[in-house]
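The values are calculated or read from the model by the stated rules, or taken from the named source; none is laboratory data. All of these numbers come straight from a predicted model, not from anything done at the bench. Neighbour counts run over all protein chains shown; Cβ positions are idealised from the backbone, glycine included.
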Amino acid sequence: MRPSGRKLDELRPVTIETGVTRHAEGSCLIRMGDTHVLCTATLEDRVPPFLKNSGLGWVTAEYGMLPRATHSRMQREAKRGQSGRTQEIQRLIGRALRAGLDRVSLGERQITIDCDVIQADGGTRCASITGGWVALRLAVDKLMKAREIVTDPLTDPVAAVSCGIYAGQAVLDLDYPEDSEAGTDGNFVMTGSGKLIEVQMSAEGATFSREQMSALLDLADAGTRDLVAAQMAAVGR
């Protein structure tokens, strides 16, 4: 039995509310159970120096957790400096979103996705990727509506979900009680067409077999398909 009472292959309740900030070109608040992340997209008519005059666009990401996103207050990273974990997560978000992007069609402009964790209960990086794509989709829609680009640069939706071995069983979408005790923990980033972008798997307390990894991949495939459906509904597609 899972602590939440969910079935082994059951996602936490997912809601994606769009247009939650006034100024960002794209924004959403994604809730996956008790993990809540605010995602915003900012359009800029510039690219990093290494892409200048290349004709290629760029998507990058920044990630952070508010001080009381967790059970006890964390010091703001603006004060203590950015942790290695934060740097790793925001690089993952950027890589993931660029995998579903035609950078030629975007043109020489940058979109920055900011992911701010309001409340954490496991799976914050996965929620950030899933919500980040929605904010990105909305920002690109603005570009297309203004006819600043003529070809849609978003080639495939991108979503992510965690899976793991908890109490000896493969489970989908770990919350914090499961994540903290899982023998194996994994994050799966996939496209809407079912292609893998990135898999992060590690044995936290026990090794895992190839059969168990296959079971986790099957769960992730089904879970990301449900998340992509939620993304499509949120952006009106």
Count of the range 74-89 residues which are in a helix (DSSP H, G or I), closer than 30 Å to GLY100 by Cα and not hydrophobic (A, V, I, L, M, F, W, C): 6
Enumeration of residues in the range 101-154 that are surrounded by 20 or more Cβ atoms within 10 Å (Cβ to Cβ), assigned to a loop (DSSP other than H, G, I, E, B) and free of Cβ contacts under 8 Å to residues at least 60 places away in the same chain: none
Single residue of the range 210-237 satisfying the filter (under 19 Å from ASP9 (Cα atoms) and of a type in the set (Gly, Ala, Ser)) that is surrounded by the most Cβ atoms within 10 Å (Cβ to Cβ): ALA220
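Has the range 72-89 got at least one residue that is among the small types (Gly, Ala, Ser) and surrounded by 16 or more Cβ atoms within 10 Å (Cβ to Cβ)? Explain how you work it out, then say what you get.
Taking the range 72-89 first, the residues among the small types (Gly, Ala, Ser) are 72, 78, 81, 83-84.
This time we only want the ones that are surrounded by 16 or more Cβ atoms within 10 Å (Cβ to Cβ), so: none.
Checked against the condition, which is being among the small types (Gly, Ala, Ser) and surrounded by 16 or more Cβ atoms within 10 Å (Cβ to Cβ), the range 72-89 yields no hits at all.
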Pair list, Cβ < 7 Å and 6+ apart or interchain, from the range 81-94 residues that are in contact (Cβ under 8 Å) with a residue 60 or more places away in the chain to residues that are of a type in the set (Asp, Glu) and surrounded by 13 or more Cβ atoms within 10 Å (Cβ to Cβ): LEU92/GLU198
For SER162: the one exception among (1) in a strand (DSSP E or B); (2) among the hydroxyl-bearing types (Ser, Thr, Tyr); (3) out of contact with any strand residue (DSSP E or B) (no Cβ under 6 Å at 6 or more places or on another chain): (3)
Top-ranked residue in the range 98-143 [being under 13 Å from the mean Cα position of the chain (by Cα) and among the β-branched types (Val, Ile, Thr); ranked as farthest from THR191 (Cα to Cα)]: VAL117
The lone exception for GLY123 - which of (1) at positive phi; (2) in contact with an Asp or Glu (Cβ under 7 Å, 6 or more places away or on another chain); (3) at pLDDT below 95 it fails: (3)
Odd one out for LEU101 among (1) touching a Leu at 6+ places or on another chain (Cβ under 9 Å); (2) more than 30 Å from GLY55 (Cβ to Cβ): (2)
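Listed here are the residues, each with its yes/no results for (1) in a strand (DSSP E or B); (2) of a type in the set (A, V, I, L, M).
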{"residue": "LYS7", "(1), (2)": "no, no"}
{"residue": "CYS28", "(1), (2)": "yes, no"}
{"residue": "ARG46", "(1), (2)": "no, no"}
{"residue": "GLY55", "(1), (2)": "no, no"}
{"residue": "ALA61", "(1), (2)": "yes, yes"}
{"residue": "SER72", "(1), (2)": "no, no"}
Residue pairs meeting the criteria (Cβ under 6 Å; at least 6 apart or on separate chains; first free of Cβ contacts under 8 Å to residues at least 12 places away in the same chain, in the range 25-40; second of a type in the set (Val, Ile, Thr) and crowded, with 24+ Cβ neighbours inside 10 Å): none
Index of the failed condition, THR15 passing every other in (1) within 17 Å of the chain's Cα centre (by Cα); (2) within 15 Å of ALA234 (Cβ to Cβ); (3) not in a strand (DSSP E or B): (3)
